[in-house]
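The values are calculated or read from the model by the stated rules, or taken from the named source; none is laboratory data. Just so it is clear, the structure is predicted and the values come from calculations on it, not from any experiment. A quick note on method: Cβ atoms are made from the backbone with ideal geometry, for glycine too, and the neighbour counts reach across all protein chains shown. Remember, those area values only see protein heavy atoms, side chains included, never the ligands or the DNA or RNA. Shrake-Rupley method; radii C 1.70, N 1.55, O 1.52, S 1.80 Å.
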Amino acid sequence: MAGCGLEEKMRSREQFGYPGRQGLYDPAFEKDSCGVGFVAHIKGERSHQILVDAYKALTKMDHRGAKGCEPNTGDGAGVLTALPYEFLVRVAREELGTGLPAPGKLGAGIVFLPTRSDERQKCKQAVEQIINEQGQFLVGWREVPTDREAADLGPSARRCEPHIEQLLVRAGAGLEFEAFERQLYFIRKRASHTLRASDTIDQAKMFYICSLSTKVMIYKGMLTSYQLITYYPDLADPDYTTHLAMVHSRFSTNTFPSWDRAQPNRFMCHNGEINTLRGN
């Protein structure tokens, strides 16, 4: 989009965010009502079977998720698991040629990035600078395998599909567990506020950190329940183990589906009926 006119830039921004207030639509009234599920081992033992069972539960809630005008474009689906440490150690060694720090000193997460390579690089550089400013260390970026063809990803989901990478961060000296978790929170919030509001990045709204934590990992997207594991081959890997899994199948009622709105929370799931001061 280099050199494009103002009108084209505005259209690009609207594609990845809420439409403006118009007619009977007002973005202030966005709300949703979704399907949620939870699977856990009562003694905290990790296995791939937990993930298999959670995916089965997710597909049983397909009726709680919605689809657009295309049956293969979903409102969104996702899964939250424990951080798959053994899996990350293997892929970091095989794909990045590096080792990883011990549990508690490793932070990792899934990041949605612009599809334009120049803007993607700007986002990654900004994140790396924030990591350094917070006194932590970048281990590396890993391109997350995705399979839109096998998942039969619908045209609408493809049009706004982000580039997806995994961010790996090592704790600074003297930090681990909760202290490091707080630093990862600062990194995520600073990066989100800085980049999603950027006036110099046309695809700014494509930047989104699904999760960045020592404890949990989230895979999600503008998918149907059945598409999640096919789209993300990582989730079918036997080395991906967890002691818990929360799944979410999104029904967006009067909202607009998007990649970032799937699996809306980082430590819980909900069906849209959480009461607040302004109501649901």
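Please report the base-10 log of the normalised intensity I(q)/I(0) for the range 46-104, using a Debye sum with one equal scatterer per alpha carbon and no solvent, at each q in 0.15, 0.24, 0.30 (1/Å).
-0.67, -0.96, -1.21
Sort 69-77, 91-99, 234-242, 44-52 for me by packing, meaning the mean count of neighbouring Cβ atoms within 10 Å per residue, highest on top.
In decreasing order of mean packing, 69-77, 91-99, 234-242, 44-52 become 69-77, 234-242, 44-52, 91-99.
Ignoring ligands, DNA and RNA, what percent of the accessible area of the chain is carbon or sulfur (1.4 Å)?
For the chain, the apolar C and S fraction of the accessible surface comes to 53 percent.
Out of every Cα pair in the chain, what percent are spaced more than 26 Å from each other?
Tail of the P(r) past 26 Å holds 43 percent of the pairs.
So for the range 166-216, Kirkwood radius off the Cα pairs, Stokes-Einstein at 4 °C and 1.567 mPa s: how many µm² s⁻¹?
Estimated via Stokes-Einstein, D reaches 107 µm²/s.
Against the empirical 2.2 N^0.38 Å scaling, what ratio does the C-alpha Rg of the range 117-181 come to?
Its radius of gyration relative to the 2.2 N^0.38 Å reference: 1.48.
Please count, across the chain, the pairs of lysine residues with Cα atoms under 18 Å apart that sit 8 or more places apart or on different chains.
Lysine pairs, 8 or more places apart or on different chains, close enough: 15.
Could you order peptides 183-191, 153-161 by the average number of other Cβ atoms within 10 Å of their residues, highest first?
Highest-to-lowest ranking by the protection proxy: 183-191, 153-161.
Using a Debye calculation, one point per C-alpha and no hydration shell, please list log10 I(q)/I(0) for the range 148-262 at q = 0.17, 0.18 Å⁻¹ in order.
-1.05, -1.15
Report, in debye and to the nearest 20, how large the dipole of the range 101-187 comes out about its Cα centre when Lys and Arg carry +1 and Asp and Glu carry -1 on their Cβ.
Value, rounded to 20: 140 debye.
Placing one identical point scatterer on every Cα of the range 70-166 and ignoring solvent, what is log10 I(q)/I(0) from the Debye formula at q = 0.12 Å⁻¹?
-0.51
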